[in-house]
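The values are calculated or read from the model by the stated rules, or taken from the named source; none is laboratory data. Values in this document were obtained by computation on a predicted structure and should not be read as measured data. All Cβ positions, glycine included, derive from the backbone under ideal geometry; neighbour counts span all protein chains shown.
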Amino acid sequence: MADEKVVFTIGHTGGRGCGTIMGDKNLKAIAVRGTGGVSVKDPVKFLQAYRRIKKLLDLKDTIDVFTPSWSFMSANVLLQLFNEQGWLQAYNAQRGRMESFLTGEEYISKYVTRPETGFCCPFPACGRRFEVKEGKYSGISGDEREVGFAMSGANVGVNSWPAVLKFRVLCNRAGLDEFHVMFAISWAMECFERGIINKEDTGGIDLKFGNEDAFIKMTEKIISRDGFGDTLARGSEEAAQIIGKGSEKYLLTIKGREIEGMPQRSCYQIALALSVCENGPDHTRWYPPYPPNPKALPKDIPIPFDPFKAFQGRNIEDKGRLVKWLYDTRAVLESLPTCVFVIRNTLGVDMKPWLELYNACTGANCTLDEFIKIGERIVNLERAYVVREGFRRKDDTVPRRMLEEPILENYCPPIGKNLDLMLDDYYTLRGWDVKSAIPREEKLKELGLDFVWDDLKKMRGSS
Ligand code: SF4
């Protein structure tokens, strides 16, 4: 495992750096053996609530376009959609499209061997097993549940399923997060093409966009921390500090971590959500960034934003309200726990089925407001944690490229000052200080987090 080599860009299980910590502590694995069972307060109500949720994910009943498409084509359905919309982060996000790009149809017809789902998961097959049967990568096989690995093709300018599948297998076996690796390599490719680094730096590798062999070779070097791979294994921010020469201009990182394959310049809800994420760019905290068909939403679902405005890509209206609500609700849902892929259909906007499940399981008898407040408390606690670690408003941002550079072929302007306007809105709604992004005393006390305020106060006093 790359964990043992403490590669910064670690984390097949979600890129959260658990592998790095384990590697640092010389911890190989944690084995847990359970005895006994988990009791449920009201099994009959719990089963009824679960069945209601399962029905909403049923392919016959769903009103969410992504449920069936995800199920048939996996997350790779997004490839065509992203390319058509100009939402790809192609060539290190210099462009939004590739003339010729990987398609989900080719993936399904040539490489997928069977669909796959998680044990006991109500979602109808979100993953696939794949195999490459010919060519230089013949014999490689693996599985996937995430589109990140396929987007790597556009990111490094490679239009080849076998190469992308090889990349997936390499990262998966080493415990690496594909997003981190692909953005580190695409950043290095841009630096190479701009003459900031050369073949002497890369150990003779011609690290140009579109060079499939260089892409795979550099991935292997990162895993083994060999030569220039050792520099990239520190994460692209640290690599930029080592290289200097203005290379930091081309970084695609937020709070020290490589971004995700989500369009920020075209969808401001994504830009805001990625920028304020406490643990660096992480889609699971606010996913999905699109609604089910707003016209199909039942009228009695209480949501505190206007879905038409809030989900409109380049419109700053209602973005703060939307992102706050997404964060609070996902924080409590992920604590149940559930999975972001399951939060679909009306389950993405209607919290009542989840509340029923929670109450039946625990007997807590929470109201809907109390349920969402649990999420708000989690977000505030996490924010206080990162404040203690020194993060402030200046760290809630997106890469320079997204703020300053347009996507020319898509007529998409940079985000510019709009991010600041959305941040002002977001912090105000959260009850945080707008200048520093530190939670205010009243807010923490309202959430029963007095002890957190006491800690923050001490910290302020000592600084
Ligand atoms: S829990 Fe999530 S990732 Fe796992 S199989 Fe279900 S939908 Fe897919």
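Structure notes:
- Members of the range 309-332 that are free of Cβ contacts under 8 Å to residues at least 24 places away in the same chain and either of a type in the set (V, I, T) or assigned to a loop (DSSP other than H, G, I, E, B) (or both): Q312, E317, D318
- Unique residue being closer than 28 Å to C267 by Cβ, among the acidic types (D, E) and exposed (fewer than 14 other Cβ atoms within 10 Å of the Cβ) when the list is E405, E370, E442, E409: E409
- Counting only helices (runs of 4 or more DSSP H) that sit wholly inside the range 387-463, those with at least 3 residues that are in contact (Cβ under 8 Å) with a residue 40 or more places away in the chain are 400-404, 418-430, 450-462.
- Filter pass, E404 being charged (D, E, K, R), over 23 Å from the mean Cα position of the chain (by Cα) and assigned by TED's automatic domain parsing to the domain that holds D300: no
- Residue in the range 40-54 that is within 30 Å of I415 (Cα to Cα) and without any contact (Cβ under 8 Å) to a residue 24 or more places away in the chain present: no
- Number of positions in the range 317-341 that are within 15 Å of the ligand (Cβ to nearest atom), buried (at least 21 other Cβ atoms within 10 Å of the Cβ) and within 14 Å of the chain's Cα centre (by Cα): 2
- Taking (1) at pLDDT 90 or above; (2) buried (at least 20 other Cβ atoms within 10 Å of the Cβ); (3) within 28 Å of I222 (Cα to Cα) in turn, Q269 satisfies each apart from (3).
- Any hit, the range 103-115, residues being more than 30 Å from N211 (Cβ to Cβ), touching a strand residue (DSSP E or B) at 6+ places or on another chain (Cβ under 9 Å) and modelled with pLDDT under 90: yes
- Just one residue in the set L27, L102, L88, L81 is surrounded by 12 or more Cβ atoms within 10 Å (Cβ to Cβ), under 30 Å from R265 (Cβ atoms), free of Cβ contacts under 8 Å to residues at least 60 places away in the same chain and of a type in the set (A, V, I, L, M, F, W, C); that residue is L81.
- Filter result for D369 (more than 30 Å from S71 (Cβ to Cβ) and either part of a loop (DSSP other than H, G, I, E, B) or out of contact with any Cys (no Cβ under 8 Å at 6 or more places or on another chain) (or both)): yes
- Single unsatisfied condition, N345 versus (1) on the phi < 0 side of the Ramachandran plot; (2) in contact (Cβ under 8 Å) with a residue 24 or more places away in the chain; (3) within 16 Å of the ligand (Cβ to nearest atom): (1)
- Some residue of the range 278-297 being touching a residue at least 40 places away in the same chain (Cβ under 8 Å), over 26 Å from R145 (Cβ atoms) and either of a type in the set (D, E) or surrounded by fewer than 23 Cβ atoms within 10 Å (Cβ to Cβ) (or both): yes
- Subset of the range 105-123 [touching an Asp or Glu at 6+ places or on another chain (Cβ under 8 Å) and loosely packed, with under 14 Cβ neighbours inside 10 Å]: T113
- Helices (runs of 4 or more DSSP H) lying entirely in the range 145-252 (those with 2 or more residues that are touching a residue at least 60 places away in the same chain (Cβ under 8 Å) and either in contact with a strand residue (DSSP E or B) (Cβ under 8 Å, 6 or more places away or on another chain) or not aromatic (F, W, Y) (or both)): 148-156, 161-174, 178-193, 212-224
- G246 vs. criteria on the phi > 0 side of the Ramachandran plot, out of contact with any Lys or Arg (no Cβ under 9 Å at 6 or more places or on another chain) and exposed (fewer than 14 other Cβ atoms within 10 Å of the Cβ): no
- For the range 354-367, the set of residues classified as surrounded by fewer than 19 Cβ atoms within 10 Å (Cβ to Cβ) and in contact (Cβ under 8 Å) with a residue 40 or more places away in the chain consists of E356, T362, G363, listed by residue number.
- The lone exception for E356 - which of (1) assigned to a loop (DSSP other than H, G, I, E, B); (2) more than 16 Å from the ligand (Cβ to nearest atom); (3) not hydrophobic (A, V, I, L, M, F, W, C) it fails: (1)
- Single residue of the range 359-375 satisfying the filter (over 22 Å from S39 (Cβ atoms) and in contact with a helix residue (DSSP H, G or I) (Cβ under 7 Å, 6 or more places away or on another chain)) that is nearest to the ligand (Cβ to nearest atom): G375
- Residue within the range 210-233 that is more than 27 Å from the chain's Cα centre (by Cα), crowded, with 21+ Cβ neighbours inside 10 Å and not acidic (D, E) present: no
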